[in-house]
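A short write-up of the structure that comes next.
The values are calculated or read from the model by the stated rules, or taken from the named source; none is laboratory data. Keep in mind that what you see is a predicted model, and the values were worked out from it rather than measured. Because the Cβ atoms are built from the backbone with ideal geometry, glycine has one as well, and the counts that use them run over all protein chains shown.
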Amino acid sequence: MPTKFSLLKKTSLTLCLCLLILGCGTSEYEEQANQTLNLVAEADEADKLLGFPVEVPEPKDANGTVLTKHTFLRLPRENYSRPYPEVIRGHAMVLVKYGKQKGSTAVPRDVFLAYSNETEGGVFAEGVLEHFEAKTQKKKADDKKIKIKDDLKTDQYYFTNSSSETIHLFLAIDEKVALIFKYDLDKPQGAKQEKVTERSMRTFRLNENADLSKSQWDLKLQYEGGDKKP
């Protein structure tokens, strides 16, 4: 039996066709219809690959200031959306870890969110790379970067470390937030790895945009019949 959300998507497709017919193919209606179709297709792809939005803890510094930011992110289906209990405190940052479920074959193996309130430029990036023991570090060329929503200015790196792992790092420069995907080198995933990472990153939102995405997610759950989170 189709869910209410599935019915909503079918209704959207029907509406697009009606707009095209009634608008006699005008560019305005075509643009609206294409945007709706793209949104529906993107939502379908995300639901096939990704799970629930991650939970982000709110550790505080000595002054009582929360060190994390409002963040919306969906990870691969078999990665936990709930973080490990311990928040890791590194050089000029705190890290939140999300690991995959026991027995899972999903990629990546672990994902980290890192936050910083540093005031000196470059300290955060260096701290992240140092924490993950980066070596053979390679910065991605602009034309090969995964496009991030909200036009966030990001640096993106691939590197290996001393633990025989390969890591894809996204660093939101102005926001001082980093997202780290960790993979096992002995289990190359190729195109699948890149696709899952890219699809997950397309859900990545911060601050008020994260709050907006969370509201949209809650509405989606209402159409599907409630929170079915494990």
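Worth a mention:
- Selection from region 57-76 of residues that are within 17 Å of residue 179 (Cα to Cα) and either assigned to a loop (DSSP other than H, G, I, E, B) or of a type in the set (Ser, Thr, Tyr) (or both): 57, 58, 67, 68, 69, 70, 71, 73
- Among the residues of region 113-164, those that are in a loop (DSSP other than H, G, I, E, B) and touching a helix residue (DSSP H, G or I) at 6+ places or on another chain (Cβ under 7 Å) comprise 116, 118, 146, 148.
- Verdict on residue 144 being touching a strand residue (DSSP E or B) at 6+ places or on another chain (Cβ under 9 Å) and at pLDDT 80 or above: no
- In the set (1) under 25 Å from residue 67 (Cα atoms); (2) modelled with pLDDT of 85 or more, residue 199 fails one condition alone, (1).
- Look at (1) surrounded by fewer than 17 Cβ atoms within 10 Å (Cβ to Cβ); (2) assigned to a strand (DSSP E or B) and you find that residue 98 fails only one, number (1).
- Criterion violated by residue 69 - all others in (1) at pLDDT 70 or above; (2) more than 21 Å from residue 218 (Cβ to Cβ) satisfied: (2)
- Selection within region 149-186 - more than 25 Å from residue 206 (Cα to Cα) and not hydrophobic (A, V, I, L, M, F, W, C): 160, 161, 162, 163, 164, 165, 166, 184, 186
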